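A quick write-up on the structure given underneath.
The values are calculated or read from the model by the stated rules, or taken from the named source; none is laboratory data. Since we're looking at a predicted model, the values are computed, not measured. All Cβ positions, glycine included, derive from the backbone under ideal geometry; neighbour counts span all protein chains shown.
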Amino acid sequence: MAKKQTDSRLEKCPTGIRGFDEISDGGLPKGRPTLICGNAGCGKTILAMEFLLRGAIQFQEPGVFISFEEPPKDLALNFSSMGYDLNDLIARKLIAMDHIYIERSEIEETGEYDLEGLFIRLAYAIDSIKAKRIVLDTVESLFSGLTNVGILRAELRRLFAWFKDRGITAVITGESGEKTLTRYGLEEYVADCVILLDFRVREQISTRRLRIIKYRGSSHGADEYPFLIEKTGISILPVTSLGLEHTVSNERISSGIPRLDSMLAGKGFYRGSTILISGTAGTGKTSFANKFVESACRRGERCLYLAFEESADQIMRNMKSIGTDLAPWVKKGKLKFHASRPSLYGLEMHLVTIHNLIAAFKPQIIIVDPVSNLTAVGSSIEVKSVLTRLFDYLKASHVTTLLTDLVHFGNNLETTNEEISSLIDTWILLRNIEINGERNRGLFILKSRGMPHSNQIREVVLSDRGIDLVDVYLGSGGVLTGSARAAQEAKEKAEARDYQSEADRRMRQQEQKRKILEAKIAALHAEFDMESEEIRIMATEEKKKRNGLTAERDEMTRLRKADSKTDLPRDGRKRKMK
Amino acid sequence: MTGKKTKANEQEILKAIDKVKEEKYILRLYVTGVTPRSTKAILNVKKLCEEYLQGQYELQVIDIYQQPKLAQGEQIIAAPTLIKKLPLPLRRLIGDMSDTERFLVGMDLKPRK
């Protein structure tokens, strides 16, 4: 079969339903019919209704709601339960409505007929508000009212062709059949887009799911997407994980513990990153989380604390013991606790609740304490899928997420239940170090993407002053922590003291030596000076002596009238030589 | 005892039949323009009414193309549709009325099987 190649992409009709436009790559096929099928109570009518309402309000596309089942009064009630005033919308010509009522017992088929009456009514309703969208809920009711299936099939085929001709985006709902998607095989006529809704209960937890079975001429997500019916309508969990295109921040934020910051290249975490603190019970995960919260609140950021283990009051009371008082921040509206039992509702519901909280509170920091408790509500694949979407969403919105994860004793500490490590940017591992009959807490950074980080194990000391990270000692028996470390520290201090006093003593000795040396030098100097003086005196005497002799000799020479070697002047001038 | 009761019942039934004979049939035939099927239905209804309800009926033919709002008010889906408004119960006869048997059943002139 040759594929038809169209130049222009299939035009889409946005639904405005949270998450749906993402998985359907823009919405329903514009100007074509879409079939929504599913069993009773799976949310077909609500999905169709929301498509219409949002179309009318958000996209200025008026819509017609044709109800085959519920009378207008009930429908108005349904609409109002979603926060829409149907009568007002009708008055503003945004919505038109017709209730098609078929009472089997009244009808007698007396020959050939068609459904022109239905067409006229639809045309009338569409024209009255210039509708662009229409919902038929549930067109299959025709089959229960009319017996001539041949006519019905032909007429429905004509109806859908008629919608296409008029360029109306139609949504047709249909109840699931036993072997077919719909009881009367509507999927055979509505071939452009088929959406299957499903409502399942597994392990006492019910989940609604949506799957796009078929979407002619468009790419679409093929998975089953869980969805929820909330007060404001349908919410299909956003699937931002279809792409990894979020921008990242280079800003660094403190972990609230200076020493931990210095382990993370001195600056702390990246804003918008996902941080995991994992460890066995009682290793101080919550304390770390709370220090982080406190420092964020001090910076004036908004924190959302999702507590799945303890109540808000309990957390706040306990944190006072490490000198962290969170109550003022709660009062100031910087910190919001949301405590709930994980088993309270399904995983998807949790995710949606979180989404709603984020949308309402707009936090910069989110704490999930502990994320491992969510595994209690779903299988590990589900949890991973939910968490992936949650983290991606948070990352995309630059929310820094800190998760704590309880690792069970005996398990490999470095595997998390959810295998979420690939989603984590900074992973801090807390572990108990048992030595010398005591248990101490050790901390190290397993990974931290995009920053140099310390490879050292630090000991965590919790006190009323907060959390302190101290160096551990590596001895022959392993790392030394707690009292062993303290003993080692004391020993080293004593040694240091001893060494210091020895050095001082040596110093003093040396000083004395120097003084002695200086004295000796002084004495020698004095001796030398004395000797020098003597020599000078002697030299003077000698000179005097020599001068005297010369004079005598000259006199004798003069007396003897002896020759002079030189032509000496006789006029009594001074001699040249002395 | 039983004989008495049967007698009374018979009388009641006869009365009811007389009443039916006296009763007026209010009929509305909804058609879509002048399609062959519409024409056929109009002819069939007129013929059958003359045959079975002579002087006892009031028939109104309405083109729902002209009055679409009526189609909504009267809950018309199929065309042609003949509505028997009176006597009660209300009946909707759909089709071109070529099936006389079903027409009579629909008009409550013949018991349902």
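Summary of values
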read-out	value
Evaluation of residue A:155 against (1) closer than 26 Å to residue A:42 by Cβ; (2) within 11 Å of chain B (Cβ to nearest Cβ); (3) charged (D, E, K, R) (one fails), failing number	(1)
Failed criterion for residue A:148 (all others in (1) within 14 Å of another protein chain (Cβ to nearest Cβ); (2) touching a Cys at 6+ places or on another chain (Cβ under 7 Å) hold)	(2)
Strands (runs of 3 or more DSSP E) lying entirely in the range A:44-136 (those with 3 or more residues that are of a type in the set (A, V, I, L, M))	A:95-99
Selection status of residue A:120, buried (at least 18 other Cβ atoms within 10 Å of the Cβ), within 27 Å of residue B:66 (Cβ to Cβ), of a type in the set (A, V, I, L, M, F, W, C) and touching a strand residue (DSSP E or B) at 6+ places or on another chain (Cβ under 7 Å)	no
Residue list for the range A:112-143, restricted to those being charged (D, E, K, R) and more than 7 Å from chain B (Cβ to nearest Cβ)	A:127, A:130, A:132, A:133, A:137, A:140
Close pairs (9 angstrom Cβ cut-off, 6 or more residues apart or separate chains): assigned by TED's automatic domain parsing to the domain that holds residue A:50 in the range A:126-143, of a type in the set (Asp, Glu) and outside any strand (DSSP E or B) anywhere	A:131/A:61; A:132/A:61; A:133/A:61; A:137/A:69; A:137/A:70; A:138/A:69; A:141/A:69; A:142/A:155
Sole exception among (1) exposed (fewer than 14 other Cβ atoms within 10 Å of the Cβ); (2) away from chain B (no Cβ under 14 Å) for residue A:75, by number	(1)
Positions within the range B:61-113 being polar (S, T, N, Q) and facing another protein chain (nearest Cβ under 7 Å), in sequence order	B:72, B:75, B:81, B:98
Of the criteria (1) facing another protein chain (nearest Cβ under 8 Å); (2) of a type in the set (Val, Ile, Thr); (3) farther than 27 Å from residue B:95 by Cα, which one residue A:102 fails	(3)
Odd one out for residue A:109 among (1) under 30 Å from residue B:37 (Cα atoms); (2) out of contact with any helix residue (DSSP H, G or I) (no Cβ under 6 Å at 6 or more places or on another chain); (3) away from chain B (no Cβ under 14 Å); (4) of a type in the set (D, E, K, R)	(3)
Every residue from the range B:57-102 that is among the charged types (D, E, K, R) and buried (at least 21 other Cβ atoms within 10 Å of the Cβ)	B:84, B:92, B:96
